[in-house]
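Undergrad: Starting off with a structure, shown below.
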Amino acid sequence: MIILAIQSTYTSIEFGLYRHDTNAPVASSSVSKAETAKLLERINTILHTNSLAIQDIVGCIVNQGPAPFTTLRTVIATVNGIAAVRRIPILGINGLAALNEEYSLHQKNNIILLNAFANDFYFYINTVQNGICSLDTIKELIQKHHIVSIIGNGIPLIKHVLHNTNNHYQYIDPEKGTCSLDTLVKSGMQQITTQILKQKFVEPAYVAPLYYKEINIF
């Protein structure tokens with residue numbers, strides 16, 4: 001039995017097939033943002049290449065975002081459709097929390113910081129806070145929570161803001177914008193396997209995109 005894992009990144013849509021009993025990857029592929037209309041076709045191709053069919057998919061794990069919204073909506077709509085037609089469980093994962101887990105960041109003085117465009121940032125501080133903030137408030141947010149390490153593709157956009165502070169920050173993976181598919185599966189496999197075994201999917205379930213609106217973070 002196969003789990004379909006899928007997510008939107010800043011440049012493409014990634015998807016992979018995993019064995020639900022072992023978490024072992026079977027195959028993975030991607031489509032560029034310009035080829036999103038071919039997503040279902042590519043999923044069918046990777047199934048056929050591995051001697052599988054859509055009927056072999058027994059559950060779906062999807063990165064709910066945040067991510068560039070146009071491709072994120074495409075991913076969510078596609079996986080909701082597959083789950084509804086197949087009447088199988090679907091599990092949405094907070095992409096910021098999954099990325100935090102990928103780096104095993106269990107201390108409060110680390111921050112995931114991703115580009116939300118228009119001088120905004122998606123942020124995640126373990127067990128403390130997550131959401132969206134502006135370039136005008138990011139410095140205050142980082143200082144308020146005594147941040148030491150900053151991870152993600154928001155780094156190039158804020159280094160000049162932090163340059164004149166007395167703090168020395170550790171910048172990690174300034175091009176990173178999304179967790180790996182393996183991390184996504186690891187985050188959700190136990191829960192979706194439980195749903196499969198208990199057959200809690202008689203009625204179709206749906207997930208919605210996670211797209212933070214402007215909030216007051218202070």
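Undergrad: Go through the range 125-160 and report how many residues are surrounded by 15 or more Cβ atoms within 10 Å (Cβ to Cβ), within 20 Å of the chain's Cα centre (by Cα) and farther than 15 Å from Asp173 by Cα.
TA: So the count comes out to 7.
Undergrad: Considering the range 87-101 alone, what residues qualify as being more than 11 Å from the chain's Cα centre (by Cα) and buried (at least 19 other Cβ atoms within 10 Å of the Cβ)?
TA: Residues satisfying the conditions are Ile88, Pro89, Ile90, Leu91.
Undergrad: Yes or no: Thr70 among the β-branched types (Val, Ile, Thr), out of contact with any Asp or Glu (no Cβ under 8 Å at 6 or more places or on another chain), closer than 17 Å to Ile13 by Cβ and free of Cβ contacts under 8 Å to residues at least 40 places away in the same chain?
TA: Yes: the conditions hold for Thr70.
Undergrad: What are the residues in the range 30-45 that are closer than 14 Å to Thr78 by Cβ and of a type in the set (Val, Ile, Thr), if any?
TA: Passing the criteria: Val31, Thr36, Ile43.
Undergrad: Let me ask something else about it. Kindly provide the set of residues from the range 131-141 that are under 17 Å from Asn109 (Cβ atoms) and free of Cβ contacts under 8 Å to residues at least 40 places away in the same chain, ordered by number.
TA: Hits for the range 131-141 are Ile138, Lys139.
Undergrad: Under the condition of being assigned to a strand (DSSP E or B) and among the β-branched types (Val, Ile, Thr), which residue from the range 13-34 is surrounded by the most Cβ atoms within 10 Å (Cβ to Cβ)?
TA: The residue in question is Ile13.
Undergrad: Just give me the residues in the range 54-86 being surrounded by fewer than 19 Cβ atoms within 10 Å (Cβ to Cβ) and over 16 Å from His20 (Cβ atoms), in sequence order.
TA: Within the range 54-86, Pro68, Phe69, Thr70, Arg73, Thr74, Ala77, Gly81, Ala84, Val85 qualify.
Undergrad: Give the residue that is surrounded by the fewest Cβ atoms within 10 Å (Cβ to Cβ), with candidates limited to residues of the range 165-187 that are within 13 Å of Ile150 (Cα to Cα) and among the hydroxyl-bearing types (Ser, Thr, Tyr).
TA: Tyr171
Read the figures in this text as sums done on the coordinates, not as results from a lab. All values reported here derive from a predicted model rather than from experimental measurement. Glycine gets a Cβ as well: all are built from the backbone with ideal geometry, and neighbour counts include every protein chain shown.
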